[in-house]
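Just below is one structure, and these are the notes that go with it.
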Amino acid sequence: MPVIIIHGGAGRIKNAAAHRRGIKKALQIGWAILNQGGKALDAVCEAVKYMEDSTIFNCGSGATLTLDGTVELDASVMIGQGEYGAVGAIKQVKNPILVARQVMEKTDHLLLVGPGAQKFSRRRGFKKYEKILEVQKRRLARFKKRGNSAYFPKLNNYLKLGTVGAVALDNDNQIAVANSTGGILGKMPGRVGDTPIFGAGVYATKNSGVAATGHGEEIIRLFLAKYVADLTDGLPAQKAVSKGIAMAKEKNVLCGVIGLDRKGNVGYGFTTKSMSWGYIGKAGEMRLF
Ligand code: GLY
């Protein structure tokens, strides 16, 4: 039986009802693909694409802004056979997750960033697109008014540390992970977080898939997704995720993690006040935060 688990970001979830609706819809999109015998890779990419378009989550059309008021997006995809593709600080593209997938499938490279990533997206037929929500402009204005410095932003439990992520296991026992984010509010232009960093925000093996969310710089330092995936090789997904979260808590890292194992067990956990998540498990049951 296939399985899919999704998160909509860790931190303060203000609009929980909208998150719940968005995650439910993303799960249904992914599950429909898996249930028809489709690939885990298609399921996670389509689920994340929906979340990028929804404007509910901090990714794609709903992305938070840089200090300059621009949108710069990070995304990555990885499959259990070790293939991986990512984009960092890419501008003017609607669905960075689909560009990341093309980096994985159509190039020998792993990570493209900035103008090079954008140029690649145009070459692959992705149209120029930019959406800046008024609500994001207001958030940036408040961020600046509070005297925040982009060099050392004051992160706390009440900030939205959003990313979206999806992990799926298909009928052929293949595992795939997809991640997408607008990054941290008021980040310096050019900043790349954990989301497209191999082993930090994303990791997959034949036995496990893991996606992390939260304070990107610290997640990179912990190599968090790989840490949890390695634990999953010997433990059920929930135990591995809980150990990863305990390690992150010890180091005061604001983060969340979702994961699954080859047997179809799922796991989730967070050190923040909350995280939005949902899954359709191996008995076909749907659970939402
Ligand atoms: N985890 C999202 C970021 O730090 O960019």
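The values are calculated or read from the model by the stated rules, or taken from the named source; none is laboratory data. This is a predicted model, so every value here is computed, not measured. Backbone-built Cβ (ideal geometry, glycine too); neighbour counts: all protein chains shown.
Within the span defined as region 235-256, one or more residues are surrounded by fewer than 24 Cβ atoms within 10 Å (Cβ to Cβ) and within 12 Å of the ligand (Cβ to nearest atom). Scanning region 1-13 for residues that are of a type in the set (Val, Ile, Thr) and either crowded, with 24+ Cβ neighbours inside 10 Å or free of Cβ contacts under 8 Å to residues at least 40 places away in the same chain (or both) returns Val3, Ile4, Ile5, Ile6.
Out of everything in region 145-187 that is among the β-branched types (Val, Ile, Thr) and modelled with pLDDT under 95, what residue ends up being farthest from Met104 (Cα to Cα)? Before you say what the answer is, go through the steps one by one.
Step one: list which residues in region 145-187 are among the β-branched types (Val, Ile, Thr), which gives 163-164, 167, 175, 177, 181, 184.
Subsequent filtering for residues that are modelled with pLDDT under 95 retains 163, 184.
Details: Thr163: 20, Ile184: 25 Å.
By that ranking, first place goes to Ile184.
For region 249-270, a tally of residues being in contact with a helix residue (DSSP H, G or I) (Cβ under 6 Å, 6 or more places away or on another chain) and either under 20 Å from Asn173 (Cβ atoms) or aliphatic (A, V, I, L, M) (or both) returns 8. For beta carbons closer than 7 Å, sequence separation of 6+ or different chains, a first residue in region 192-208 that is within 8 Å of the ligand (Cβ to nearest atom) and a second that is at pLDDT 95 or above and among the polar types (S, T, N, Q), the qualifying pairs are Gly193/Thr181; Thr195/Ser76; Thr195/Asn179; Thr195/Ser180; Thr195/Thr181; Gly201/Ser76; Gly201/Asn179; Gly201/Thr195.
Cβ separations smaller than 6 Å between residues 6+ apart or across chains give the following pairs from region 251-270 residues that are under 22 Å from Arg221 (Cα atoms) to residues that are of a type in the set (D, E, K, R) and within 13 Å of the ligand (Cβ to nearest atom): Val253/Glu218.
Taken over region 14-56, the criterion of being surrounded by 17 or more Cβ atoms within 10 Å (Cβ to Cβ), outside any helix (DSSP H, G or I) and not hydroxyl-bearing (Ser, Thr, Tyr) is satisfied by Gly38, Lys39, Ile56.
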